[in-house]
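The values are calculated or read from the model by the stated rules, or taken from the named source; none is laboratory data. Note that the structure is a prediction, hence the values are computed from the model and not measured. Here Cβ is always computed from backbone atoms with ideal geometry, including for glycine, and neighbour counts include all displayed protein chains. Ligands, DNA and RNA are excluded from the accessible area calculation, which covers all protein heavy atoms including side chains. Shrake-Rupley method; radii C 1.70, N 1.55, O 1.52, S 1.80 Å.
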Amino acid sequence: MAGSVLEALSARCFYRLEDWWTYELCYQKHVRQFHREKDVLTDEYLLGVYDPDSADTDPLQGETNHVNSGRYVKESYTEGDACDLTGGKRQTEVRYVCSEGGQESVLSIKEPSTCHYVLTVAVPGLCQLPIFRAKAELVTQIVCHPIAAPAA
């Protein structure tokens, strides 16, 4: 189910400009960070290459992850460029979330720990899947009745 929705992202790349850096996600290919000045690429880091072993064939068959009470489908992008601060390889977790209206886009990029990134992508098509729909809250109606005044 989610797999077929996400397949619509095939052969597409998404970009987000954050301050000095531009971030690029090419679906199930790579995540990179770069800076360009007047059509000249001045800095570039590979933040990870798609790791097919990290993906379920249909992520919604397994456990769906929760963040801030929202659901998302996760993919891992590993084996990025070496991190000069840790000596390890850069890696990125991509989270696909339901986002009503609009179109597919990168909502945010965070670096919760050195050279480990979390990229969140809005995918309106996920909102059509039952597991991504918000559960209706059970509302209990309260009926109030006046209290009779005490007899004088």
Could you say which residue among Glu100, Glu104 is modelled with pLDDT of 85 or more and either acidic (Asp, Glu) or open to solvent by 30 Å² or more (accessible area, probe 1.4 Å) (or both)?
-> Glu104
Of all residues in the stretch 31-45, which are within 22 Å of Gly88 (Cβ to Cβ) and open to solvent by 50 Å² or more (accessible area, probe 1.4 Å)?
-> Asp43, Glu44, Tyr45
Name the residues in the stretch 5-25 that are open to solvent by 20 Å² or more (accessible area, probe 1.4 Å) and either aromatic (Phe, Trp, Tyr) or under 16 Å from Pro124 (Cα atoms) (or both), would you?
-> Val5, Glu7, Ala8, Ser10, Arg12, Tyr15, Trp20, Trp21, Tyr23
Criterion violated by Leu85 - all others in (1) at pLDDT 85 or above; (2) surrounded by fewer than 16 Cβ atoms within 10 Å (Cβ to Cβ); (3) under 18 Å from Tyr15 (Cα atoms); (4) of a type in the set (A, V, I, L, M) satisfied = (3)
What are the pairs, 6+ residues apart or on separate chains, where a residue within the stretch 30-58 that is among the small types (Gly, Ala, Ser) and modelled with pLDDT of 85 or more has its Cβ under 9 Å from a residue that is open to solvent by 80 Å² or more (accessible area, probe 1.4 Å) and in a loop (DSSP other than H, G, I, E, B)?
-> Gly48/Glu79
